[in-house]
Amino acid sequence: MARKRKIHRGKVKRNRPKGFGRRRKKSRAGAVIFVLVIIALVIGAYCAAGPLMNLLSGSNPEDGASSQLSSAPAEGTSSREGTSSQNASSNTAAETSGRVKTMPAGNLTDLNKVKSFAVEAKQEGYTAVSVELKNSEGGLLYNSASQRAKKYGAVKNKNVSLSEVAKTIQDAGLAPVAKLHMFKDKTAANREYDNTFKIKGENSTWWDNSPSKGGKPWLNPYKDEAVNYLLEIIGETMDAGFSQVVLDSVQFPDVRNTSIIEFPSGANKDTHQQKLAEFIEKAQNLAAEKKCSVTVAYNTLSILGKKDNIYFGNPLKLNAKSISPIIQISQFGNTLDFGGKKVEAPKEHPAEAVTALIEGIRAQAPDAQIIPILSSDAKTDEIRNALTQAGIKEIVEQ
């Protein structure tokens, strides 16, 4: 009879190399340390990404505090969705600039149109909307509370609330910017109000041309009534929510012969410039009181020395803290010669031309902020990118 084998259920003892268990524990610990190092490197790279990108792009996170045009309301600053593929395909440097889109004045008659325009501008990547509230004829395109404006017949649209316009733009996530014409104003100008130019030796209002040829009177920078009226409109605009105001036509009438005009005794080109500088200073002081800012728009031909009759000299000497040269490439002619630089055929080399312009302005007004206004022939990606590369942070597109 076969003997049954007794099977022992004990553990099988295997011979393992000495130190095997210790090596496995050490390998596990090494893997954990490796993973922790990788995580630390990723976190460090993420934290450094912002400063690194700022360094590469030449931007400074603190620079944004110095400008109002690109400062949209907080609730709208995070959304960049809906940017068109055309904008996305352009040079990325242009995306670092604050872009201001000008709204047609006709939109002011309907807040729904204002909203639609602002929403579309936001989707296109703009940071602010510019609205002309006082046109070159002197008309106010909103329901002004100014008693002077009502007396002058300047209120052209009594249905639009200025604060509602500003709020509608803000609700779309954009900053509202106001554009106001100053002394170019045929509506308010009237000798009966003692705010305009008069003909020398006569008690008659001076016009820059005959009425049949489009002639018009102007507000007079020497007259307190004219200056106080304009400051009142600037203040009203700021109080309504427009923290940035662009002042156009801070100038004298565009005529060469002023001998027929009655100026104060002893007035000359220097006192003319002084009056414009005094007005700008008053506007800047008013803006500072209201924690807002003003930018003064200048005819680029005058900056280039080709049209000095409206400022009686170089407008860069008027001491504006923020200036907006109105860039129109067709005005540069066949050669742009400015600030020691010469650019031949500016129309064929617009980027080089605007870069030379900005550098020349900086040389003459080193402390001024520059916010160019692009006319229709200058609204190209090439020019926008050139301005951005030149360090321009805000661009207004007409």
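The values are calculated or read from the model by the stated rules, or taken from the named source; none is laboratory data. For clarity, every value in this text was computed on a predicted model and none was experimentally measured. Reconstructed Cβ throughout: ideal geometry from the backbone, glycine too, with neighbour counts over all protein chains shown. For accessibility, only protein heavy atoms count, side chains too; no ligands or nucleic acids. Shrake-Rupley method; radii C 1.70, N 1.55, O 1.52, S 1.80 Å.
If the condition is being at pLDDT below 95, of a type outside the set (A, V, I, L, M, F, W, C) and more than 23 Å from K216 (Cα to Cα), then segment 148-164 contributes K158, N159, S161. Of all residues in segment 376-397, those being crowded, with 17+ Cβ neighbours inside 10 Å, more than 13 Å from the chain's Cα centre (by Cα) and of a type in the set (V, I, T) number 1.
Does N190 count as touching a residue at least 12 places away in the same chain (Cβ under 8 Å) and surrounded by 15 or more Cβ atoms within 10 Å (Cβ to Cβ)? Can you show your working first?
Details: touching a residue at least 12 places away in the same chain (Cβ under 8 Å): yes; surrounded by 15 or more Cβ atoms within 10 Å (Cβ to Cβ): yes.
Against the criterion (touching a residue at least 12 places away in the same chain (Cβ under 8 Å) and surrounded by 15 or more Cβ atoms within 10 Å (Cβ to Cβ)), N190 qualifies.
A quick yes/no check of all residues on (1) at pLDDT below 95; (2) open to solvent by 30 Å² or more (accessible area, probe 1.4 Å); (3) out of contact with any strand residue (DSSP E or B) (no Cβ under 9 Å at 6 or more places or on another chain):
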residue	(1), (2), (3)
N257	yes, yes, yes
E262	no, yes, no
H272	no, no, yes
I280	no, no, no
E289	no, yes, yes
V296	no, no, no
S324	no, no, no
I327	no, no, no
Q331	yes, yes, no
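Among the strands (runs of 3 or more DSSP E) contained in segment 279-382, which hold 3 or more residues that are in contact (Cβ under 8 Å) with a residue 60 or more places away in the chain? Walk me through how you get there before you give the answer.
Working: elements: 293-299, 322-327, 335-338, 341-344.
Per the criteria, 293-299.
Pairing each residue of segment 102-113 that is within 27 Å of K379 (Cα to Cα) with any residue that is buried (at least 16 other Cβ atoms within 10 Å of the Cβ) and acidic (D, E), provided the two are 6+ apart or on different chains, yields C-beta distances under 6 Å for A105/E132.
Here is a check on your reading of the model: is T109 open to solvent by 20 Å² or more (accessible area, probe 1.4 Å), under 23 Å from V396 (Cβ atoms), in contact with a Gly (Cβ under 7 Å, 6 or more places away or on another chain) and modelled with pLDDT under 95? Don't jump to the end; show me each part of the working.
Values: open to solvent by 20 Å² or more (accessible area, probe 1.4 Å): yes; under 23 Å from V396 (Cβ atoms): yes; in contact with a Gly (Cβ under 7 Å, 6 or more places away or on another chain): no; modelled with pLDDT under 95: yes.
No.
Per the listing T300, T258, the residue uniquely under 22 Å from the mean Cα position of the chain (by Cα) and closer than 25 Å to K186 by Cα is T300. Of the residues making up segment 161-187, those that are among the aliphatic types (A, V, I, L, M) and surrounded by fewer than 20 Cβ atoms within 10 Å (Cβ to Cβ) number 0.
Scanning for something under 19 Å from K179 (Cβ atoms) and surrounded by fewer than 20 Cβ atoms within 10 Å (Cβ to Cβ), does segment 145-152 turn up at least one residue?
Kept after step one, since they are under 19 Å from K179 (Cβ atoms), are these residues of segment 145-152: 146, 149.
Now restrict to residues that are surrounded by fewer than 20 Cβ atoms within 10 Å (Cβ to Cβ): 146.
Yes, segment 145-152 has at least one match.
Looking across segment 298-322 at every residue that is touching a strand residue (DSSP E or B) at 6+ places or on another chain (Cβ under 8 Å) and charged (D, E, K, R), the one that is surrounded by the most Cβ atoms within 10 Å (Cβ to Cβ) is identified as K321.
Of the residues making up segment 210-222, those that are assigned to a loop (DSSP other than H, G, I, E, B), closer than 15 Å to K184 by Cβ and at pLDDT 95 or above are G215, K216, P217, W218, N220, P221. The residue that is nearest to D110 (Cα to Cα), among those in segment 123-136 that are open to solvent by 30 Å² or more (accessible area, probe 1.4 Å) and in contact with a helix residue (DSSP H, G or I) (Cβ under 9 Å, 6 or more places away or on another chain), is E132. If A94 passes every condition in (1) among the small types (G, A, S); (2) over 25 Å from C292 (Cβ atoms); (3) under 18 Å from the mean Cα position of the chain (by Cα); (4) at pLDDT 95 or above but one, which one does it miss? Only one criterion in (1) among the small types (G, A, S); (2) over 25 Å from C292 (Cβ atoms); (3) under 18 Å from the mean Cα position of the chain (by Cα); (4) at pLDDT 95 or above is unmet by A94, namely (4).
Can you confirm whether F263 is under 30 Å from T205 (Cα atoms), touching a His at 6+ places or on another chain (Cβ under 9 Å) and of a type outside the set (S, T, Y)? So F263 fits the description; yes. With respect to (1) part of a loop (DSSP other than H, G, I, E, B); (2) closer than 30 Å to Y126 by Cβ, the lone exception for T187 is condition (2). Count of segment 340-375 residues, restricted to those that are farther than 19 Å from K321 by Cβ, open to solvent by 60 Å² or more (accessible area, probe 1.4 Å) and out of contact with any strand residue (DSSP E or B) (no Cβ under 9 Å at 6 or more places or on another chain), is 4.
From the list V155, V246, the lone residue that is of a type in the set (A, V, I, L, M), free of Cβ contacts under 8 Å to residues at least 40 places away in the same chain, surrounded by 16 or more Cβ atoms within 10 Å (Cβ to Cβ) and out of contact with any Pro (no Cβ under 9 Å at 6 or more places or on another chain) is V155.
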